[in-house]
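Since every read-out is calculated from the coordinates, none of them should be taken as a lab result. What you are looking at is a predicted structure, and each value in this text was computed from that prediction instead of being measured. Heads up, the Cβs are rebuilt from the backbone with ideal geometry, glycines too, and the neighbour counts pull from every protein chain shown.
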Amino acid sequence: MYLKSLFLIRKIMNLLKNIVLFYRDGFRNMQLGKTLWLVIFIKLFVMFAVLKVFIYDTSLRNFETQEAKSDFVLENLTKE
């Protein structure tokens, strides 16, 4: 039983090592891809860090209960 679990752990570790080496070698030989990944990370930073400061509404933080929040949202969604 102990040898089976040891063999399984070694097999999983070898698989993870092969996956890491595959991606490491792929990114090392990449030229255009590095630039594209940089663009992707910059866009994600802008979306989550910069836009959060200016766009996302914080008015729901003023309510203490879920019921008060849901009443506020319901009133604002059903305005005529």
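Observations on the model:
- Each residue, residue 10 and residue 78, gets one label point 7 Å from its Cα in the Cβ direction; the gap between the two is 6.7 nm.
- Among the chymotrypsin sites (Phe, Trp or Tyr not before Pro) found in the range 1-69, those both in a DSSP coil and sparsely packed, with 16 or fewer other Cβ atoms within 10 Å of their Cβ, are 56, 63.
- For the chain, the longest principal axis of the alpha carbon atoms and the long axis of helix 32-45 meet at an angle near 30°.
- FRET efficiency for the residue 44 to residue 68 pair, using the beta carbon distance and R₀ = 35 Å, is estimated at 0.55.
- With a Förster radius of 35 Å applied to the C-beta separation of residue 28 and residue 51, the computed FRET efficiency comes to 0.60.
- Over the range 1-64: Kirkwood hydrodynamic radius from C-alpha pairwise inverse distances, Å: 16.3 Å
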